[in-house]
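The values are calculated or read from the model by the stated rules, or taken from the named source; none is laboratory data. The shown structure was predicted, so the numbers you read here are calculated from the model rather than taken from an experiment. Here the Cβ positions follow ideal geometry from the backbone for every residue, glycine too, while neighbour counts run over all protein chains shown. What goes into the accessible areas is simple: the full protein's heavy atoms, side chains included, and nothing from ligands, DNA or RNA. Shrake-Rupley method; radii C 1.70, N 1.55, O 1.52, S 1.80 Å.
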Amino acid sequence: MKPKKWSVYITRRILDPAIPMISKECSVIVANHRGRPPTRDELLKAVRDKDAILCTLSDMIDAKVMDAAGSNLKVISSYSTGTDHIDIKEATKRGIYVTFTGDILTEATADLAFALILATSRQITQGHELVTSKRWKYGWDPHLLLGSDVHGMTLGIVGLGRIGSAVARRAKGFDMDIIYHNLHTRNIQMEEQFGAKHVDMNQLVEESDFLSLHCSLNSESYYLINESNLRRMKNDSYIINTARGQLINEAHLIKALKQRWIAGAGLDVFEKEPPSPNSSLLKMKNVVLLPHIGSATFLTRTKMAEVAAKNLLNVLNRKTAIYLVNPEVNPR
Ligand code: DGY
């Protein structure tokens, strides 16, 4: 058999068809650590002399990893839409393409954000727990698990981009008013089509009944939500985060939830994942916590796998990637 032209390291066993697709053209090593991501040392060793790395958001791909890979490295294909785990500047400087899964997970993530809006306000998990723990004693009860309305309320969106807009479309079906804050450009299309109103950050937190985060994580958005704006939120409002944990100062959020500055939080992402077993969040009643599953549907993860593989193969074959983070790169 002819030796394959390129050598690829894949940091997790991701869904088909990625691995068979890549294996047709490349010699592939798939990390095998019983479901966990590679440690830093394992990663640094495994990338050596690779032409391409297919990584996930659990792998920090910085200059050290690029050094360890060496001068063959041409492309870092991330099996994710967020790319805050990759040093894009460094990759670009070195002539390495960085690719991502673009808008493939938009609708699935918006579905989950809406599930958290409903779950937090209507006490879905508390209700489930009451029934399954057999503590539901007297049938229908006039006071049992009274929650907040969702229909007709105000949804505040930080980051009305792809996912934020998909959440706003769902909210319109619930007759909600949409206000939003974008850090840079306004979304005129959503303003015209859905009556979304652009407001400053203070007004956004003050007027939202549900505040849902959909911006990417970078130095500007790190700890965007902190004590000062949590204190401005309504006491009966909820915060929903399906984007990145570091958008919220988690210690401040815990304080806000304990002291009831806000009514609750629906979180699919955390500052540290998984959160520490001692985190107060794990003991709170006014939260719904999920293990970073925004994109976790069979269809979405399968499409993400296909796109991540195509991105990687396209770059190696000198074709255009489907979703490229750094089009300005001068390839090696
Ligand atoms: C992403 O891709 O950025 C999501 O957070 C996980 O799929």
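General observations
- Looking across the range 285-332 at every residue that is closer than 16 Å to Gly245 by Cβ and more than 16 Å from the ligand (Cβ to nearest atom), the one that is farthest from the chain's Cα centre (by Cα) is identified as Val287.
- Residue within the range 82-94 that is more than 16 Å from the ligand (Cβ to nearest atom) and more than 29 Å from Ala243 (Cβ to Cβ) present: no
- Selection from the range 95-115 of residues that are away from the ligand (no atom under 14 Å from the Cβ) and more than 18 Å from Ala321 (Cα to Cα): Phe114, Ala115
- A Cβ distance below 8 Å, combined with a sequence gap of six or more or placement on separate chains, defines the contacts here; from the range 61-75, residues that are under 17 Å from Asn317 (Cα atoms) reach residues that are open to solvent by less than 30 Å² (accessible area, probe 1.4 Å) and among the basic types (Lys, Arg) in the pairs Asn72/Lys50; Leu73/Lys50.
- Some residue of the range 290-307 being open to solvent by less than 10 Å² (accessible area, probe 1.4 Å) and under 30 Å from Ser27 (Cα atoms): yes
- Residue, farthest from the chain's Cα centre (by Cα), within the range 149-181, restricted to residues that are within 19 Å of Ser221 (Cα to Cα) and of a type in the set (Val, Ile, Thr): Ile179
- On inspection, Lys234 does not qualify as exposed (fewer than 15 other Cβ atoms within 10 Å of the Cβ), out of contact with any Pro (no Cβ under 6 Å at 6 or more places or on another chain) and either charged (D, E, K, R) or touching a residue at least 60 places away in the same chain (Cβ under 8 Å) (or both).
- Residue in the range 270-285 that is open to solvent by 30 Å² or more (accessible area, probe 1.4 Å), among the hydrophobic types (A, V, I, L, M, F, W, C) and touching a residue at least 12 places away in the same chain (Cβ under 8 Å) present: yes
- Meets criteria (at pLDDT 95 or above, part of a loop (DSSP other than H, G, I, E, B) and within 16 Å of the ligand (Cβ to nearest atom)) for Gly266: no
- On the stretch given as the range 26-53, residues that are under 12 Å from Ser7 (Cβ atoms) and either within 16 Å of the ligand (Cβ to nearest atom) or open to solvent by less than 60 Å² (accessible area, probe 1.4 Å) (or both) total 9.
- Looking only at residues of the range 65-81 that are part of a loop (DSSP other than H, G, I, E, B), of a type in the set (S, T, N, Q) and closer than 17 Å to Ile10 by Cβ, we find that the one that is farthest from the ligand (Cβ to nearest atom) is Asn72.
- For beta carbons closer than 6 Å, sequence separation of 6+ or different chains, a first residue in the range 287-304 that is more than 11 Å from Leu105 (Cβ to Cβ) and a second that is within 11 Å of the ligand (Cβ to nearest atom) and not polar (S, T, N, Q), the qualifying pairs are Leu290/Asp268; His292/Asp268; His292/Val269; His292/Glu273.
- Condition check for Ser212: in contact with a Lys or Arg (Cβ under 8 Å, 6 or more places away or on another chain), of a type in the set (Gly, Ala, Ser) and closer than 30 Å to Thr302 by Cα: no
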